[in-house]
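Read the structure below first, then the notes.
The values are calculated or read from the model by the stated rules, or taken from the named source; none is laboratory data. From a predicted model like this one, the values you see are computed outputs, not experimental measurements. With ideal geometry, Cβ positions are generated from the backbone for all residues, glycine too; neighbour counts draw on all protein chains shown. Heads up: the accessible areas ignore ligands, DNA and RNA and are worked out on the full protein's heavy atoms, side chains in. Shrake-Rupley method; radii C 1.70, N 1.55, O 1.52, S 1.80 Å.
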Amino acid sequence: MQASNLRVVDEDREATGLFVAAPAGREHPQPTGLARTEDVLRAAPRPPSAALPPPPSPPYFRLLAWARQHLPGYVLAACSLIGLVLAWHLATKYKLDFYIRFTNIPTPGEVMDKVAQVSQSKRFGTHVVLSLRRIFLGFALAGVLGIGLGLLIGRYKLMRSLFFPALEALRPIPAIAWVPISIMLWPDNEVSIVFITFIGAFFPILLNTVSGVQAVDGVLLRAGRCLGAKESALMWHVILPGAAPQIFTGLAVGMGVAWVSLIAAEMISGQFGIGYYTWEAYSLITYSEIVLGMITIGLLGLLCSGLIRLVGKAAMPWLAFSTQGGER
Amino acid sequence: MSDAPKAGRGHIAIRDLTVRYTQHGSSIDAVSNVSLDVQPGEFVSIIGPSGCGKSTLLNIVAGFLKPSDGKVLLDGAPIKGPGADRGVVFQQYSLFPWMSVRKNVEFGLKMQGVSANARTSAARTLLGLAGLLAFENHYPDQLSGGMKQRVGIVRALATSPQVMLMDEPFGALDSQTRVVMQEILTNMWQQLRLSVMFITHDIEEAVFLSDRVYVMTARPGRIKAEIPIPLPRPRTPDMTSSPTFLALVRQLKSLIREESLAAMGGELGARGLEGFDRSLAGEGMQAVL
Ligand SMILES: Nc1ncnc2c1ncn2[C@@H]1O[C@H](COP(=O)(O)OP(=O)(O)OP(=O)(O)O)[C@@H](O)[C@H]1O
Ligand SMILES: [Mg+2]
């Protein structure tokens, strides 16, 4: 902090001397007696490194600093997870029956055996792949439509009055409530599950995009317009990136709801998929498969939202320096 | 378009301009019957009490607002909307946070369809001259306030506008940085000879930078006075202690003071205060009785 402030002041002072010279990169008619751009550039050689931060400290210190900052967090996280598995193990091993009954619940060991077993067969993998495909299709559709429609609704009053009432009427209906209608609506079971997933993801993405667009700073729009940006360029270069942080919030929430909707749909109407697998295990009284299904669903959900966060970070590198927001 | 000779271009003419804001049915005149000129290559400042319509005036010339009455011409043609022929520097920071410093500067050229290579080299030249080349790949959030505003100026210059419109561009800066920025600006203008319409609260700033200063009245804003600044060019910081400079500042201060008092008068008139006191006294009496 301190160092960068000092650097800034320094920069301002140096710049004065430089700006005395011609600041135009193009051919302005130069009255005699004024410096030409090229001369100025030659006259004021300044290594660009002059204002760069000081060289980093030796690796040992950096490692220590890193450890001091992050290690406590990792240790606590590990304790938390180990504690959970331990509690599960004890409760199931001693068949805890204290209003809630652990009598039929498999132990962690039994579930691990199941993992080894299913990794031999292809059936389990098929379930996972099918669920992922449904998520991908439903979510991609929701992303494209939600962001596209959200940009239009957020930007244009007409679009808002046209689409919003209808969308607001549909919004309170949870995706799961669509299951029966969806089965009747679509010719194919697969399509109807994708549709349910889509419904789940669509509204969070849409609403966040709309509010993201509306929150774009008006001065940036003005700046864009007086730099010559037409409406389409404004949309692409100003409004979309301006709304991007909230769009990604919408995507993350949408991904969560998509999984909820998918699992419910698979349990009710599916023939394949990890939700179906879990429900089938219950019907067939193979208890360790239920828990395996649950854990798999959790991990897949984690994977998907992690992926979104990763894409968000890569797509919005400027946020690393933003002073907005509470948590760093 | 940009090949046309600069001389004789960039003339802003405002004729009998009135701007009326309508809000919930009632309407107020922010600017009333203003006529003024910025000659090609001239540096003109506009000062006036807060709320007198300075930003409104600038937004009209920038093309963000339409006149309710009167005409605004740029080189004889009415202003239709915002465009790259008028560079605007805003009071708030207005760099795109998602673009690097260089991409920000390139933006206007990109909108004109200039090729990526030409854009980059133009932007780097300008940034080099502004002493910001080392920061070309930084994001705006990594810069200090003064640097951001300098990038803002460079960005507005990149499309070679004929006029620059600046709305209190240094208002958010501390006084030292401000002085440095004024020097940068006057040197830059000396080289480019653009027409500049500069809005400020700061009387010293207006005198130091300008060829002419317009003083506006309290709302509805009219032109109260037009003061030529006969200080020689190039301007240097030591001029700020010259007798001419100080006399001009004093003259402008008294003009502004009258208007600021007039602006306050509406809300804090002596009679209003008296009434307030009396009613309080009355209440006090009642409580005692
Ligand atoms: N969008 C608007 N709707 C209604 N009234 C407005 C609007 N914008 C400005 N005004 C009014 O018009 C008057 C002039 O505003 P303007 O922003 O031009 O003042 P200013 O001279 O720039 O003030 P300051 O020096 O404080 O920036 C103010 O009294 C303000 O209340
Ligand atoms: Mg203003």
TODO: Only residues that are within 9 Å of another protein chain (Cβ to nearest Cβ), within 13 Å of the chain's Cα centre (by Cα) and open to solvent by 20 Å² or more (accessible area, probe 1.4 Å): list them for the stretch B:46-89, please.
DONE: B:Asn59
TODO: Answer yes or no as to whether B:Val215 is more than 12 Å from the chain's Cα centre (by Cα), more than 16 Å from ligand 2 (Cβ to nearest atom) and either among the aliphatic types (A, V, I, L, M) or in a loop (DSSP other than H, G, I, E, B) (or both).
DONE: no
Open item on the list: Condition first: closer than 30 Å to B:Thr56 by Cβ, away from chain B (no Cβ under 13 Å) and surrounded by fewer than 24 Cβ atoms within 10 Å (Cβ to Cβ). Can you find one or more residues in the stretch A:202-211 that meet it?
Closed with: yes
Task: Matching residues, the stretch B:27-77, being of a type in the set (Ser, Thr, Tyr) and more than 16 Å from ligand 1 (Cβ to nearest atom) - done: B:Ser35
TODO: May I ask you to list the residues in the stretch A:271-289 that are within 32 Å of the chain's Cα centre (by Cα) and open to solvent by 40 Å² or more (accessible area, probe 1.4 Å)?
DONE: A:Gln271, A:Phe272, A:Tyr276, A:Trp279, A:Glu280
Task: Qualifying helices (runs of 4 or more DSSP H) (wholly inside the stretch A:226-293; at least 2 residues being within 14 Å of another protein chain (Cβ to nearest Cβ)) - done: A:231-234, A:240-269
